[in-house]
1. As an exercise, take the mean of 1/r over every pair of distinct alpha carbons in the chain, invert it, and state the Kirkwood radius in angstroms.
2. Multiply the residue separation of residue 97 and residue 32 by 0.36 nm, subtract the distance between their alpha-carbon atoms, and state the gained length in nm to one decimal.
3. Report the full-extension gain for the segment residue 49 to residue 202: residue separation times 0.36 nm, less the Cα-Cα distance, to one decimal in nm.
4. What's the angle, to the nearest 10 degrees (0 to 90), between helix 204-220's Cα axis and the longest principal axis of the chain?
5. Label segment 23-90 by shape, choosing from rounded, prolate and oblate, from the square roots a ≥ b ≥ c of the eigenvalues of the Cα gyration tensor; if a/c is under 1.5 it is rounded, and otherwise prolate applies when a/b is larger than b/c, oblate when it is not.
6. Which FRET efficiency value, to the nearest 0.05, do you get for residue 25 and residue 211 by plugging their Cβ-Cβ distance into 1/(1 + (r/R0)^6) with R0 = 45 Å?
7. Quick one: in segment 92-195, what % of C-alpha pairs are over 18 Å apart?
8. Testing the spin-label approximation: label points 7 Å from Cα along Cα→Cβ at residue 83 and residue 164. State their distance in nm.
C-alpha cells in the first residue's frame, strides 16, 4: 500500500533544511548500504556534525511522527532517524530491496515501512523518480518538495538516474506493531470507516467497526 502525505513540511522549513544540508559535507552512500544494495547504490549521504543532525531531525521527525496519516498507516512501534541523501547528475539507485533488519547492534529494528520525504522540488532536477514495484506494476513517484511517500519495505524499488540538477531526500524506516502488510491495510480501511462514521459514535455501525478494529489490532499486534 502506497500512501502519500502532502505538505508534511512547510516552505519555510524546507528552506531552513536545505540551507543546513548545503552547508555540510556528503559522503559515499555505499557506506550505509547492505551487502546487496551496495552494488546498486550511487548517491551521497549527509556527514554532518551532531548539532546539525539534531536540528534537521527536530524538524523532519517532529512533523512526521505526529502526522495523522503516518500514525494511521504505519502503526509505528519504532522509527529510525532519517538518512539525508543527495543525488547529483549521473547518480541513481538500482533495483533493490531494503535490508529486513537494520540499525546498530544495540538498537536493531525490523524494516516494515519505508519512507521518502522529498526536500526539494521536481523542477530542480531531471530524472530521479522513485520507482516502486507493486502488484499492479511499477509506479514512478516524483513529489513536490515537502511531500512524503510511505511504502512497504518488502517492495522492490529503485531511483532513476538524475540527468541534471540535484535531488535531496530524507529516508527512514519504521517497524510497525503490525508486521504483515495485508493486515495493516485491513486496519487502515477499518480506521477510515471509523472516521466516516465518527459523526455518530453511538450508532451501531460505528460501534461494530470500532470493535472490529480494536480487536483485530489486539490480535495482530507485536510488542
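1. Values: mean 1/r = 0.0541 Å⁻¹.
About 18.5 Å for the chain.
2. On the way: separation 65, 0.36 × 65 = 23.40 nm, distance 1.42 nm.
Taking residue 97 through residue 32 to full extension adds about 22.0 nm, to one decimal.
3. 49.8 nm
4. Taking the Cα atoms of the chain, the angle to 204-220 is about 60 degrees.
5. It comes out oblate by the Cα gyration axes.
6. Details: r = 54 Å, r/R0 = 1.19.
For R0 = 45 Å, the calculated efficiency reads 0.25.
7. Values: 2956 of 5356 pairs.
Tail of P(r) above 18 Å: 55 percent of Cα pairs.
8. 2.9 nm
Throughout, read-outs are computed from the coordinates displayed, never taken from laboratory work. Just so you know, these numbers come straight off a predicted model, no measurement behind them. Every residue, glycine among them, receives a Cβ derived from its backbone with ideal geometry; neighbour counts consider all protein chains shown.
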